[in-house]
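First the structure, in the form of structure tokens, and then the observations on it.
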Amino acid sequence: MKTRIYTADMIDHPDVKADIKKTLLSGKHVVFPTETVYGIGAYALHETGILNIYRVKGRPSDNPLIMHLPSPDTIAPYVVVEQPYVNALMDAFWPGPLTLVCKKKDTVPLWLTGGLDTVGIRLPSHPVAQKVLNIAGIPICAPSANLSGRPSATLFEHVLDDFNHRVDIIIDGGKSEVGLESTVLDVTQIKPVILRPGVITKTMLEDVVGPVEVQLETPHDIAPRSPGMKYKHYAPKGEMVIVEGETEKVVTYIKEQITLQQQAGRKVGVIATDDLMEQFAPAYVYTLGDVARETDIAANLYIALRRMDALDMDVIYSIAFHQSVYQEVIMNRLYKAANHRVIKV
Ligand code: AMP
Ligand code: MG
């Protein structure tokens with residue numbers, strides 16, 4: 001298959017608009033940027049289109065998809081909003097990186113929700129994503145544009161790596177600003193429940209609606225409320241280890257390991273911040289940026305993981321981020337990438 005590639009400024013052209021609309025309506029796939037990560041978009045109510053997403057990504061069929069809509073006034077045909085606090089959340093965080101899991105109406109097919117009677121709804125804020133949704137005029141499912149188990153794509157180049165010649169259209173929108181997937185919040189209960197952390201943090205949610213619960217996955221959960229959380233995700237190919245503790249001890253430990261691993265002939269990568277780069281010099285170091293710029297750290301994480309793959313690193317050490325305002329989401333993704341291998345020093 002030859003993939004048609006458009007840049008963000010091309011999508012205002014009438015021919016390109018028509019191509020995007022026709023492609024989606026016929027159940028084919030358009031990869032587009034969102035503020036969180038790139039999404040592989042398909043018409044949410046087109047059964048073949050959706051089943052093909054699972055096939056193309058290699059995604060397990062019980063892992064439900066999030067439905068993307070252009071504005072709050074377009075959600076009514078698909079969900080019943082029962083809890084009184086939901087409107088305040090929509091006002092505060094939409095459009096943006098917050099997915100609300102609501103009770104679904106019969107219009108939403110079960111093959112979209114992995115058999116659940118709820119559906120996740122999101123309104124992306126990225127201008128290209130908004131344009132695609134408005135051009136198409138239909139609900140679109142857009143799971144992260146990565147092959148299942150690989151880190152989500154946050155750069156156009158990453159999308160090409162995974163999907164060139166596998167989808168009809170890819171839209172190049174540069175780097176995803178947030179760089180991590182949306183916060184998934186169950187709003188069917190009296191108290192909202194975080195099912196997947198994101199950069200809309202528990203504290204930010206609580207500032208708007210009061211107490212919020214957290215129910216994250218346990219690796220061996222048989223029926224977690226957010227099925228996607230039971231799968232190993234975001235994994236680089238090399239063996240990744242997170243090193244936690246006081247900075248000085250962390251640095252000493254990683255330096256020792258670099259020496260030992262390199263003596264054993266293994267390629268070593270380190271994920272760190274600007275201030276620590278030089279310390280790990282004999283290894284390949286990917287810096288997530290200035291430790292004080294928390295949004296950069298989040299936005300660069302998947303780029304770091306993909307870089308480690310591109311360079312065929314055998315073993316990857318990462319520092320931890322327990323002081324960050326985004327610690328819930330960053331550590332959640334790091335622990336998964338490392339398959340929960342943590343060394344405390
Ligand atoms: P992705 O689109 O790849 O970012 O993954 C979507 C995430 O949202 C997965 O972790 C899903 O399990 C979760 N999710 C989607 N829909 C629901 C739902 N109805 N109930 C609970 N979790 C959901
Ligand atoms: Mg994903």
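The values are calculated or read from the model by the stated rules, or taken from the named source; none is laboratory data. All figures in this text were calculated on a predicted structure; none of them were measured in a lab. Methodologically, a virtual Cβ is constructed for each residue, glycine included, from the backbone with ideal geometry; neighbour enumeration extends over all protein chains shown. These area figures cover heavy atoms from the full protein model, side chains too; ligands, DNA and RNA do not enter into them. Shrake-Rupley method; radii C 1.70, N 1.55, O 1.52, S 1.80 Å.
Among strands (runs of 3 or more DSSP E) lying entirely in the range 226-305, which contain 2 or more residues that are among the aromatic types (Phe, Trp, Tyr)? It would help to see each step written out before you state the result.
On the way: elements: 239-244, 268-272, 284-287.
Hits in the range 226-305: 284-287.
In the range 20-33, is there at least one residue being in a strand (DSSP E or B), touching a His at 6+ places or on another chain (Cβ under 9 Å) and in the same structural domain as VAL184 (by TED's automatic domain parsing)? Outline the logic, then answer.
First pass over the range 20-33, keeping only residues in a strand (DSSP E or B): 30-32.
Within this subset, residues satisfying the condition of being touching a His at 6+ places or on another chain (Cβ under 9 Å) are 32.
Next, only the ones that are in the same structural domain as VAL184 (by TED's automatic domain parsing) stay: 32.
The answer is yes; a qualifying residue exists.
Listed here are the residues, each with its yes/no results for (1) modelled with pLDDT under 95; (2) crowded, with 19+ Cβ neighbours inside 10 Å; (3) not assigned by TED's automatic domain parsing to the domain that holds HIS158.
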{"residue": "ARG266", "(1), (2), (3)": "no, no, yes"}
{"residue": "ALA272", "(1), (2), (3)": "no, yes, yes"}
{"residue": "ALA281", "(1), (2), (3)": "yes, no, yes"}
{"residue": "LEU311", "(1), (2), (3)": "no, no, yes"}
{"residue": "TYR326", "(1), (2), (3)": "no, yes, yes"}
{"residue": "MET331", "(1), (2), (3)": "no, no, yes"}
{"residue": "HIS340", "(1), (2), (3)": "yes, no, yes"}
Only one of (1) open to solvent by 10 Å² or more (accessible area, probe 1.4 Å); (2) more than 14 Å from ligand 1 (Cβ to nearest atom) is not met by LYS104, so which one is it?
(2)
Any residue in the range 181-198 that is within 12 Å of ligand 1 (Cβ to nearest atom), closer than 30 Å to ARG4 by Cβ and touching a helix residue (DSSP H, G or I) at 6+ places or on another chain (Cβ under 9 Å)?
yes
Residue tally, condition modelled with pLDDT under 95 and on the phi > 0 side of the Ramachandran plot, over the range 207-262
1
Tell me which residues, restricted to the range 111-162, are within 22 Å of HIS46 (Cα to Cα), open to solvent by 10 Å² or more (accessible area, probe 1.4 Å), more than 15 Å from ligand 2 (Cβ to nearest atom) and not β-branched (Val, Ile, Thr).
TRP111, GLY115, LEU116, ASP117, GLN130, LYS131, ASN134, GLY137
